[in-house]
Amino acid sequence: MNDDDLTIKPDQLQQIGHDIKTHVLVLTMGLELLKDARTDEARFNEVVETLRQEGLNPLKVEINTLLQLAREGRSRGMKDEG
């Protein structure tokens with residue numbers, strides 16, 4: 001792996017930011033749907049599962065990616081200083 005592989009590209013950060021916003025929107029909309037679904041157990045469970053699959057799980061992946069990029073950047077910065 002060369003130093004260019006560790007460079008965080010602005011378009012990469014923009015894409016991660018966009019993806020995070022999208023997953024937060026899914027969670028926000030899903031929470032609103034849960035209000036209407038609380039009297040229908042099957043619908044409630046369906047919405048919860050959708051929130052997990054389309055909101056929470058992908059959001060975790062994006063956050064972990066962002067944290068990994070930050071660690072790599074910090075690691076690279078330490079190598080540059082040393």
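Points to keep in mind about this one:
- Scanning region 42-59 for residues that are more than 16 Å from D19 (Cα to Cα) and among the basic types (K, R) yields one hit, R43.
- Some residue of region 63-82 being in a helix (DSSP H, G or I), of a type in the set (D, E, K, R) and modelled with pLDDT of 95 or more: no
- The test for being charged (D, E, K, R) and surrounded by 15 or more Cβ atoms within 10 Å (Cβ to Cβ) does not hold for D40.
- Cβ-Cβ under 8 Å pairs, at least 6 apart or on other chains, region 37-50 side within 17 Å of V26 (Cβ to Cβ), far side in a helix (DSSP H, G or I) and polar (S, T, N, Q): none
- Scanning region 12-29 for residues that are touching a helix residue (DSSP H, G or I) at 6+ places or on another chain (Cβ under 8 Å), at pLDDT 95 or above and either open to solvent by 100 Å² or more (accessible area, probe 1.4 Å) or not hydrophobic (A, V, I, L, M, F, W, C) (or both) gives D19, H23.
The values are calculated or read from the model by the stated rules, or taken from the named source; none is laboratory data. Note that this is a predicted model, so its numbers are computed, not measured. A quick note on method: Cβ atoms are made from the backbone with ideal geometry, for glycine too, and the neighbour counts reach across all protein chains shown. The protein model used for the area step is the full one, side chains on, heavy atoms only, and it has no ligands, DNA or RNA in it. Shrake-Rupley method; radii C 1.70, N 1.55, O 1.52, S 1.80 Å.
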